[in-house]
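K.L.:
Below: one structure in structure tokens.
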Amino acid sequence: MTEPSAARAWAVIGLFERPEDLLRAAARLRGSPLGRVQAYTPYPVHHLDEALGLRRSPLGGMVFVMGVLGALTAFAFQYWMSAVDYPIVTGGKSPRSWQAFVPITFEVMVLFATLTAGLGMLFLLNRLPDIFHPMLASRAMEKITRDRFALALESSGGQGVDVDAAKKVILELGAQEVEVLPLPAPAPAAPLNFLLGLGGALVAACVLAGYSTYWVIKLYPELPPMSHMERQPRLNAQSPSGFFKDGRGMRPAPVGSVARGHRPYLIKTPEEAARLVNPLPRTTETMEKGRVLYAVYCRVCHGFLGDGRTTLTSAYGAKPADLRIKRLALAPDGTIYHAIMVGKNAMPSYAYELKEDERWAVIHYLRALQRAQDARESDIP
Amino acid sequence: MAEALLPEGLREPALTDGAITLGELDDRVLSVPETRPPAKWFAAFALTSAISAVGLACIAYTLYTGIGAWGNNSPVFWAFDIINFVFWVGIGHAGTLISAILFLFRKRWRNSIARYAEAMTIFAVICAAIFPLIHVGRPWLAFWLFPYPNQRALWPNFRSPLLWDVFAVNTYFIVSLLFWFLGMVPDIASMRDRAKDPRLKFAYTALSVGWRGSAEHWQHYEKAYLLLAGLATGLVLSVHSVVSFDFAVSVVPGWHMTIFPPYFVTGAIFAGFAMVMMVLIVVRETMDLKHLITMYHLEVMNKVILGTSCLMGYAYMMEGFTAWYSQNQFIHHAFKQYLWGAYGWAGWTVLVCNVLIPQLFWSSRLRRSYPSMIFVAAAVTIGMWFERFVIIVMSLQQDYLPSSWRLYQPTLIDFGILLGSFGIFFSLVLLFARVLPVIATTEVKAILPGYQPAHGGDHDRA
């Protein structure tokens, strides 16, 4: 690198008033050994690219490739998602009916292509953003973006431009004003600090946002209205509700109503119930049904075998009956039915839990339990 | 140029009133953000933001209570939400038409109004996007619309036009934003170089990404702009076609028609031009831009409105003809509903506002007078809103199952959100007018008389 000297500069800029003057000058200066020739204009001036001998912009090819890539990507993804990974039949069409993927394929193609055209132009071809470019610090810039046309000889490879020679050439070409941008170009330290600061601020913002989101979700998993429909104006089973006068969410059945599978039970005493007859045939299915229901409703208290050996702790405070005793073994089905319907002392009624035929099924099973534990000699075949 | 070969009557007139130099153009357009807005602006902004506040409050209420707050109910599950969505997306299309399609056709009069029209596209799409978002009921889960690997191991249904819509509208928004921003970069660079306040200067420098206007910059830029215009043209046609698929792909009588895509696209441009027209008149008058947005501009726009209005009339006729020719009693019924049903007056409003009133523009005197322009533009806006109302609500209200027929009735909340969307739109338009260049100065500079070297280039002779 050469030392900065009075005779060398980063750029020498000449300002012209008319676009024609610029074109003429640019064509003459083209290929100058003094430095890189660059033109600046407030708007695109026709034929300037030819005058400077610029190569054609490769953007068209880039956009074409990315457009094709976008279309392929979109099509492949849609096909894989809806025909391979999770095939669904919609409207009676085969999951492989590709015609439905055309609209999105088109949209994604356009998206890829436009992003390439727009951002590719700015970032790749024009090497922006570059908000610390030395040219931006020049006085000429203010005129260029307004109404002047500039031709500049810029240093390439840090060599600097010979100020006197460049000035002479540019003035000869008819420039009204000349500006010299000194070497070295504005220090790159500022951008570094700036970029570090920007990056740091971004990271800090991300970390802050991440942590606060984490804690908000942890502390308030559901914040109205984001309550995932948890809170709804509805009656919940077994919980209070302000909707009814009695404050209960569950409603008692209206007086006189009869639920399906239940008949009004008007019998008051076991003796009266004795005349009830078990309507169910004693089949394997009934037995199986009875076994299951016994296990669900009776076993906790009356034990596996109906022997009254309860699995409840002493906290229960009562002693469930041994169902094998003679009195019960000889009692008619109706008596046991009555016990299920109205309960007895510490045994609650099971009228609500069991439907009519279920009660009789339990009784069949109970009979089997009693008989199984009362084996006689005659049982041996 | 080819222009010169045309007979006098067909030649494009001067696009500015009186000669304007490059510097004057900047002083007129770019000085706006440098000055304090006048009291009128503050009054207008206060009004529009109050209206947006009403809309936002209604949206908040909807989110809190659920969309039962609206009039939608079986069988009319789509109503104001989708009407407003289609309406606003359509408004946006005029911007893309002006900035992209007219660019491809080398219509130079587009240059001075393109920027505004593009901005309106962005704002209209923002307004449009609100509606499907709140219609899903739980907008914080709207990301479910996108295909991302999730623990439910599900993908969205790519055969649903509603998903096509998600992709179309999102792409449209991104592309419009990019197009708008790229167009503005050189203008913002001009503003950067005018700015005195260092903070403002820094903001504009960052926004202009350090644009320098070098010959290479411009070369790539022009190429990119041309490509973008081409892509946006295809896109804008596809977007409203996809929006129309939301209806046409279903089997609802009155929706299931092949004419829908072109018919929707035309309607969109029609409505959009009316809206651009109204805003331009206000801008032209209040921001002292009469020299740049001339009567000629307004007149050409009015011709486009007249042309699209005739196309709309044709589309309505074709719709009716298809319905009759189909010999399908359900479609017959739907069409009778349009004009003689409970909301028959809406159907007649559509015909009068969209087909009849714009015919005024056959007279060149009316094409050039403010009252008639405003009258027609307002009529078209109203008519196009009702057109979507008729298509959506009337078709759903009485479909195949008479037992579930039910008269649709919107609620106050529905109207509040509709009103609010207008507030949001105009607030954004007002803000834009004060902080960014409302006219594409670089594009206008390039077409100012005498500022392009003559064809063939002087340098050849030099």
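K.L.:
So, of the residues in the stretch A:284-325 that are in contact (Cβ under 8 Å) with a residue 60 or more places away in the chain and open to solvent by 30 Å² or more (accessible area, probe 1.4 Å), which turns out to be nearest to A:Tyr352 (Cα to Cα)?
P.N.:
The extreme case among them is A:Tyr297.
K.L.:
Moving to a separate point now. For the stretch B:64-74, does any single residue satisfy the condition of being under 18 Å from B:Ala268 (Cα atoms) and either crowded, with 19+ Cβ neighbours inside 10 Å or of a type in the set (S, T, N, Q) (or both)?
P.N.:
Scanning the stretch B:64-74, I find no residue that is under 18 Å from B:Ala268 (Cα atoms) and either crowded, with 19+ Cβ neighbours inside 10 Å or of a type in the set (S, T, N, Q) (or both), so the answer is no.
K.L.:
Sticking with this structure for a sec: Among the residues of the stretch A:13-47, how many are surrounded by fewer than 24 Cβ atoms within 10 Å (Cβ to Cβ), at the interface with chain B (Cβ under 7 Å from one of its Cβ atoms) and in contact with an Asp or Glu (Cβ under 7 Å, 6 or more places away or on another chain)?
P.N.:
Residues in the stretch A:13-47 being surrounded by fewer than 24 Cβ atoms within 10 Å (Cβ to Cβ), at the interface with chain B (Cβ under 7 Å from one of its Cβ atoms) and in contact with an Asp or Glu (Cβ under 7 Å, 6 or more places away or on another chain): 4 in total.
K.L.:
Let me ask another. Can you confirm whether B:Met184 is over 30 Å from A:Phe64 (Cα atoms), more than 8 Å from chain A (Cβ to nearest Cβ) and touching a residue at least 12 places away in the same chain (Cβ under 8 Å)?
P.N.:
No: the conditions fail for B:Met184.
K.L.:
The conditions are (1) open to solvent by less than 10 Å² (accessible area, probe 1.4 Å); (2) more than 13 Å from chain A (Cβ to nearest Cβ), and B:Leu104 fails exactly one of them. Which is it?
P.N.:
(1)
K.L.:
Given the structure, is B:Arg152 modelled with pLDDT under 90 and not in a helix (DSSP H, G or I)?
P.N.:
yes
K.L.:
How many residues does the stretch B:239-248 hold that are open to solvent by 10 Å² or more (accessible area, probe 1.4 Å) and either closer than 15 Å to B:Tyr338 by Cβ or at the interface with chain A (Cβ under 9 Å from one of its Cβ atoms) (or both)?
P.N.:
So the answer is 2.
K.L.:
Taking interchain pairs and intrachain pairs at least six residues apart, which have beta carbon atoms under 7 angstrom, with the first residue in the stretch A:249-261 and closer than 23 Å to A:Gln232 by Cβ and the second open to solvent by less than 60 Å² (accessible area, probe 1.4 Å)?
P.N.:
If the second residue must be open to solvent by less than 60 Å² (accessible area, probe 1.4 Å), the pairs left are A:Gly249/A:Ser239; A:Gly249/A:Ser241.
K.L.:
Scan B:Ile122, B:Ile98, B:Ile91 and give me the residue that is in a helix (DSSP H, G or I), farther than 25 Å from B:Ala53 by Cα and either within 14 Å of chain A (Cβ to nearest Cβ) or in contact with a helix residue (DSSP H, G or I) (Cβ under 7 Å, 6 or more places away or on another chain) (or both).
P.N.:
None of the others qualify; the one that does is B:Ile98.
K.L.:
Look through the stretch B:384-424, keep the residues that are open to solvent by 40 Å² or more (accessible area, probe 1.4 Å) and of a type in the set (A, V, I, L, M), and return whichever of them is modelled with the lowest pLDDT.
P.N.:
So the residue we want is B:Leu401.
K.L.:
Here's something else I'd like to know. Going through the stretch B:221-236 one residue at a time, which ones are open to solvent by 10 Å² or more (accessible area, probe 1.4 Å) and either more than 7 Å from every other protein chain (Cβ to nearest Cβ) or over 12 Å from B:Ser176 (Cβ atoms) (or both)?
P.N.:
B:Tyr221, B:Glu222, B:Lys223, B:Tyr225, B:Leu226, B:Leu227, B:Gly230, B:Thr233, B:Gly234
K.L.:
I want to confirm something. Restricting to the stretch A:94-129 and keeping residues that are within 7 Å of chain B (Cβ to nearest Cβ) and in a loop (DSSP other than H, G, I, E, B), which single residue is most open to solvent (accessible area, probe 1.4 Å)?
P.N.:
Here the residue is A:Pro129.
K.L.:
Next question, about the same structure. Taking A:Met135 as meeting all but one of (1) more than 7 Å from every other protein chain (Cβ to nearest Cβ); (2) assigned to a helix (DSSP H, G or I), write down the number of the exception.
P.N.:
All conditions pass for A:Met135, except number (1).
K.L.:
Of the conditions (1) open to solvent by 30 Å² or more (accessible area, probe 1.4 Å); (2) facing another protein chain (nearest Cβ under 10 Å), B:Gly213 fails just one. Which one is it?
P.N.:
For B:Gly213, the failing item is (1).
K.L.:
Follow-up. Please count how many residues of the stretch A:77-93 are surrounded by 13 or more Cβ atoms within 10 Å (Cβ to Cβ) and either in contact (Cβ under 8 Å) with a residue 24 or more places away in the chain or small (Gly, Ala, Ser) (or both).
P.N.:
Qualifying residue count for the region: 3.
K.L.:
Also, I was wondering about something else. Any idea which residue in the stretch B:311-337 is farthest from B:Gly383 (Cα to Cα), counting only those that are touching a helix residue (DSSP H, G or I) at 6+ places or on another chain (Cβ under 7 Å) and open to solvent by less than 20 Å² (accessible area, probe 1.4 Å)?
P.N.:
Out of the qualifying residues, it is B:Ala323.
K.L.:
On the phi > 0 side of the Ramachandran plot and open to solvent by 10 Å² or more (accessible area, probe 1.4 Å), is that true of B:Gln359?
P.N.:
The answer is no for B:Gln359.
K.L.:
Which residue out of B:Leu178, B:Leu200 is assigned to a helix (DSSP H, G or I) and touching a residue at least 24 places away in the same chain (Cβ under 8 Å)?
P.N.:
Among B:Leu178, B:Leu200, only B:Leu178 is assigned to a helix (DSSP H, G or I) and touching a residue at least 24 places away in the same chain (Cβ under 8 Å).
K.L.:
Right, another one. Can you pull out every residue in the stretch A:141-181 that is in a helix (DSSP H, G or I) and within 10 Å of chain B (Cβ to nearest Cβ)?
P.N.:
Residues satisfying the conditions are A:Met141, A:Glu142, A:Lys143, A:Ile144.
K.L.:
Here is a further query. With (1) open to solvent by 10 Å² or more (accessible area, probe 1.4 Å); (2) more than 14 Å from chain A (Cβ to nearest Cβ); (3) out of contact with any helix residue (DSSP H, G or I) (no Cβ under 6 Å at 6 or more places or on another chain) as the list, and B:Val435 as the residue in question, which single condition is left unmet?
P.N.:
B:Val435 satisfies all of (1) open to solvent by 10 Å² or more (accessible area, probe 1.4 Å); (2) more than 14 Å from chain A (Cβ to nearest Cβ); (3) out of contact with any helix residue (DSSP H, G or I) (no Cβ under 6 Å at 6 or more places or on another chain) except (3).
K.L.:
Identify, from the list B:Ser176, B:Ser160, the residue that is among the polar types (S, T, N, Q), open to solvent by 20 Å² or more (accessible area, probe 1.4 Å), more than 7 Å from chain A (Cβ to nearest Cβ) and in contact with a Ser or Thr (Cβ under 8 Å, 6 or more places away or on another chain).
P.N.:
None of the other options fit; the residue is B:Ser160.
K.L.:
For the stretch A:326-341, which positions are over 18 Å from A:Pro281 (Cα atoms) and touching a residue at least 12 places away in the same chain (Cβ under 8 Å)?
P.N.:
Result: A:Leu328, A:Ala329, A:Ala331, A:Thr335, A:His338, A:Ala339, A:Ile340, A:Met341.
K.L.:
Given the conditions (1) under 17 Å from B:Ile101 (Cα atoms); (2) open to solvent by less than 20 Å² (accessible area, probe 1.4 Å), report the number of the one that B:Ile293 does not fulfil.
P.N.:
B:Ile293 satisfies all of (1) under 17 Å from B:Ile101 (Cα atoms); (2) open to solvent by less than 20 Å² (accessible area, probe 1.4 Å) except (1).
K.L.:
Can you find a residue that is open to solvent by 70 Å² or more (accessible area, probe 1.4 Å) and polar (S, T, N, Q) anywhere in the stretch A:330-344?
P.N.:
No, every residue in the stretch A:330-344 fails to be open to solvent by 70 Å² or more (accessible area, probe 1.4 Å) and polar (S, T, N, Q).
K.L.:
Quickly run through the stretch A:229-261 and pick out the residues that are on the phi > 0 side of the Ramachandran plot, at pLDDT below 80 and open to solvent by less than 100 Å² (accessible area, probe 1.4 Å).
P.N.:
A:Gly261
K.L.:
Further, regarding this structure: Mind listing whichever residues of the stretch A:196-222 are aliphatic (A, V, I, L, M) and surrounded by 10 or more Cβ atoms within 10 Å (Cβ to Cβ)?
P.N.:
Once the filter is applied, which keeps residues that are aliphatic (A, V, I, L, M) and surrounded by 10 or more Cβ atoms within 10 Å (Cβ to Cβ), the stretch A:196-222 yields A:Leu196, A:Leu198, A:Ala201, A:Leu202, A:Val203, A:Ala204, A:Ala205, A:Val207, A:Leu208, A:Ala209, A:Val216, A:Ile217.
K.L.:
Shifting gears a bit: Restricting to the stretch B:21-37, name every residue that is within 14 Å of chain A (Cβ to nearest Cβ), assigned to a helix (DSSP H, G or I) and either buried (at least 18 other Cβ atoms within 10 Å of the Cβ) or of a type in the set (Val, Ile, Thr) (or both).
P.N.:
Selection gives B:Leu22, B:Leu25, B:Asp26, B:Val29.
The values are calculated or read from the model by the stated rules, or taken from the named source; none is laboratory data. Just so it is clear, the model here is predicted, and its values are computed rather than measured. Note: ideal-geometry Cβ built from the backbone for every residue, glycine included; neighbour counts use all protein chains shown. Note: areas computed on protein heavy atoms with side chains; ligands, DNA, RNA excluded. Shrake-Rupley method; radii C 1.70, N 1.55, O 1.52, S 1.80 Å.
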